[in-house]
Every structure is written in structure tokens, then in C-alpha cells.
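Peer 1: Before anything else, here's the structure in question.
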């Protein structure tokens with residue numbers, strides 16, 4: 001508002017009056033921030049909903065997903081599969097999960113094409129172990145056989161006794177008594193669809209010839225001789241997945257490594273899950289990235 005005022009000297013002075021509007025107390029606390037906060041809350045809710053939906057798929061595709069108690073990969077014995085320990089083996093700190101087979105695959109694995117049976121449950125394996133003890137008793141070899149159910153399947157241990165050695169000392173020549181024992185075991189295993197791993201073990205007594213032949217060679221030759229005896233007695237040639245030399249690195253009596261009790265041949269009968277894991281480790285049934293001069297290229301899993 002402007003007004004003019006005359007002073008005594010006749011001059012005019014212009015007076016400007018400014019009026020300020022009154023602010024309500026609630027204006028600086030308006031509702032605009034509530035709209036922004038509602039948008040933020042809605043966005044966060046949508047994010048949580050997406051994470052909740054995709055979580056099951058993420059767990060199932062995670063390589064470490066699975067129950068470690070059923071892991072068929074444990075430490076000790078025939079290669080990486082044998083032994084009585086139930087602790088899972090870790091590769092560089094990464095727990096290995098058991099392969100997940102669907103119900104159809106498990107049902108198909110139960111019966112072989114020739115009518116043989118794939119043993120998987122603990123009760124089935126116990127019955128098979130008892131059958132092996134019975135046939136060993138028929139050839140007076142019960143003292144030379146030890147059969148145990150292990151997480152990977154069935155562990156069949158063939159060992160010396162106080163009167164009889166499985167092999168002649170320092171050689172892979174099989175004693176006729178143990179040839180007979182392997183023969184009756186082959187009759188049982190020929191009707192089993194499970195795959196086998198055979199390992200040879202020596203005691204810690206140094207064995208070295210001038211040509212470099214040592215305990216590793218000896219244990220490998222003995223395992224191979226046992227495999228050939230089983231095949232000659234009727235076991236299918238493709239029933240054995242692996243023959244390994246263990247030398248004296250897996251003694252039954254660690255406190256007495258030179259004891260004769262450490263000399264033995266072990267046969268590990270694999271369950272379907274242990275066999276699948278074996279094929280994952282040593283086969284070509286998984287995807288991989290191949291590196292070359294032209295760059296990295298992903299290669300999918302090979303068809304079985």
C-alpha cells in the first residue's frame with residue numbers, strides 16, 4: 001500500500017506499507033511427504049514379494065542345497081568313497097551335495113535289464129550282507145570276510161587270517177582258498193545291479209624292488225587280480241567302475257601300520273546316489289566353461 005505525505009517544505013514523501021500474509025501452523029507440516037512415503041513403502045513391499053516368490057527356486061538351484069546327512073561322499077577307504085566315517089568330505093571348504101534323483105530315476109534303478117536288483121535302503125543292504133556271510137560260511141571263509149553297511153552302500157572287506165594269506169608274500173598270486181571265496185561272492189554280486197569299486201591295501205612294511213616296484217604297484221596289482229577273479233567267476237565286466245591302489249595310506253590299525261591286519265582287498269558296492277556322484281566327479285555329466293584363445297565358452301552337460 002502506498003501513500004503520499006507532504007512535509008513542511010512542500011515536498012512529498014512516498015510511504016510504502018507491506019503487509020505479510022499469516023501462515024497457518026500446519027502449512028509447514030503438509031501432506032506431500034506422506035505421499036512420497038507411501039510410494040516408498042509400496043515399492044519396498046513389491047520388492048519383498050518378488051524375493052519371497054523367487055526364494056524356493058534360488059534354494060533348489062543352489063549347488064550347496066541338500067541334506068548333508070545323506071551325502072554319499074565321505075572320507076577314507078577305497079578312493080574317496082570307502083570308509084566308515086559319516087562326516088561329509090569338503091573340497092576346498094565347499095560341502096558337496098548328493099545328486100538329486102527324481103522318483104522315476106530311482107524306480108528305474110531298482111531293477112536291471114537282466115532281472116538284477118539295485119540295493120539302496122539300509123534294510124536291503126543288511127539282507128545282502130547276511131547273504132554274503134552265508135555263502136562265505138559254506139566255503140569255510142567266514143573269518144576272511146567282513147561286510148558292513150556304510151553311507152555309500154556296502155563295504156565288503158576280504159582279509160587274511162592267522163593261518164591263510166590272501167596273496168603270497170610280496171606278490172599278487174591269489175591263494176586258492178580266497179579264489180573260492182571270490183567265486184561265491186561273484187555268484188551273489190552277479191545278481192546285483194549296483195556298481196563296484198575295488199581297492200587293494202598293504203601294510204606299511206617297505207616293499208621295493210630294483211625296478212621301482214613298490215607297495216603302490218603291489219596293492220594295485222592285487223586289486224586288479226581280485227577283480228579278474230570275480231569276472232572269471234561270472235561277474236559282469238562292466239560291473240566294476242574303478243580298481244584302485246591304496247598302498248598303506250588307509251590302514252585298518254593306524255596305531256600298528258605294519259600289522260598284517262592292514263593287508264586286504266575291499267569291495268565297495270555303491271548305492272544309486274553314490275554311483276551318480278561318482279559319475280559327476282569322473283564323468284562328463286555336468287556343464288562346464290572351457291577357456292581358449294578365443295575366449296570362454298560354456299559347454300552343457302553331456303547326454304547319458
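Computed from the coordinates by the stated procedures, all read-outs in this text should not be read as laboratory data. In this text the structure is predicted, and so the values were computed from the model without any measurement. For neighbour counting, all protein chains shown are included, and Cβ atoms are generated from backbone atoms with ideal geometry for every residue, glycine included.
Peer 1: Please label the shape of region 107-286 as rounded, prolate or oblate, based on the square roots a ≥ b ≥ c of the eigenvalues of the alpha-carbon gyration tensor (a/c under 1.5 means rounded; beyond that, a/b larger than b/c means prolate, else oblate).
Peer 2: prolate
Peer 1: When you count, for each residue, the other Cβ atoms within 10 Å and take the mean per peptide, how do 236-246, 178-188, 209-219 rank with the highest first?
Peer 2: 178-188, 236-246, 209-219
Peer 1: Still on this structure: Could the peptides 164-172, 270-278 be put in order, highest first, of the mean number of other beta-carbon atoms found within 10 Å of their residues?
Peer 2: 270-278, 164-172
Peer 1: Defining a contact as two alpha carbons under 8 Å apart and six or more residues distant in sequence, what relative contact order in percent does region 107-286 show?
Peer 2: Relative CO of region 107-286 lands at 27 percent.
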